Amino acid sequence: MRRCTTRRASARGPHFCDVWNWGGGTSSEFKHAKCRQLSFGNGTRGGNGTGVDVDAFTFATHGYHERFSRVGTWHWRAKGVWTKIRSGEIGDCGIGDNNEVWCTVLVQA
């Protein structure tokens, strides 16, 4: 998994994140945004209370399924397409059938 923070650029120059929902949530609003990309390892946590800022996520080598809430509709995102998460939200991702990645964006309690 790769994470993106849009608040600062990399010391070697900005990366870009192709975010499909720039405003967060389920509304489509594509933006090719300057960002700082960092990789997450398996089992890594970021976001609220961890000291690791996460504004969006993607997978560099494969696409993934995404939905907002446990009852939301699943959508396919191609590799390198970023999903924006708002403050107070988390992306919970796991491996499912056929080794596909499934991510649910949840409000963090």
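Residues in region 60-85 that are part of a loop (DSSP other than H, G, I, E, B) and at pLDDT 90 or above: His62, Gly63, Ser69, Arg70, Val71, Gly72, Thr73, Trp74, Ala78, Lys79, Gly80, Ile85. Annotation: Val54 fulfils all but one of (1) surrounded by 15 or more Cβ atoms within 10 Å (Cβ to Cβ); (2) in a strand (DSSP E or B); the unmet one is (2).
On inspection, Thr50 passes the criterion of being among the hydroxyl-bearing types (Ser, Thr, Tyr), without any contact (Cβ under 8 Å) to a residue 60 or more places away in the chain and out of contact with any Pro (no Cβ under 8 Å at 6 or more places or on another chain).
Quick one: is Ile90 of a type outside the set (Asp, Glu) and closer than 19 Å to Thr26 by Cβ? Yes; evaluated as a whole, the condition is true for this residue.
Could we say that Ser39 is open to solvent by 80 Å² or more (accessible area, probe 1.4 Å), under 20 Å from Phe16 (Cα atoms) and hydroxyl-bearing (Ser, Thr, Tyr) here? The answer is yes for Ser39.
Beta carbons closer than 7 Å, at least 6 apart along the sequence or on distinct chains, pair a first residue in region 23-41 that is more than 24 Å from Trp74 (Cα to Cα) with a second that is aliphatic (A, V, I, L, M) and surrounded by fewer than 16 Cβ atoms within 10 Å (Cβ to Cβ) for Lys34/Ala9; Arg36/Ala9. Residues in region 70-94 that are open to solvent by 30 Å² or more (accessible area, probe 1.4 Å), hydrophobic (A, V, I, L, M, F, W, C) and either farther than 23 Å from Cys17 by Cα or touching a Cys at 6+ places or on another chain (Cβ under 7 Å) (or both): Val71, Cys93.
The values are calculated or read from the model by the stated rules, or taken from the named source; none is laboratory data. All values reported here derive from a predicted model rather than from experimental measurement. Positions of Cβ are generated from backbone atoms using ideal geometry, with glycine treated the same way; all protein chains shown enter the neighbour counts. Accessible surface areas use protein heavy atoms only, side chains included; no ligands, DNA or RNA. Shrake-Rupley method; radii C 1.70, N 1.55, O 1.52, S 1.80 Å.
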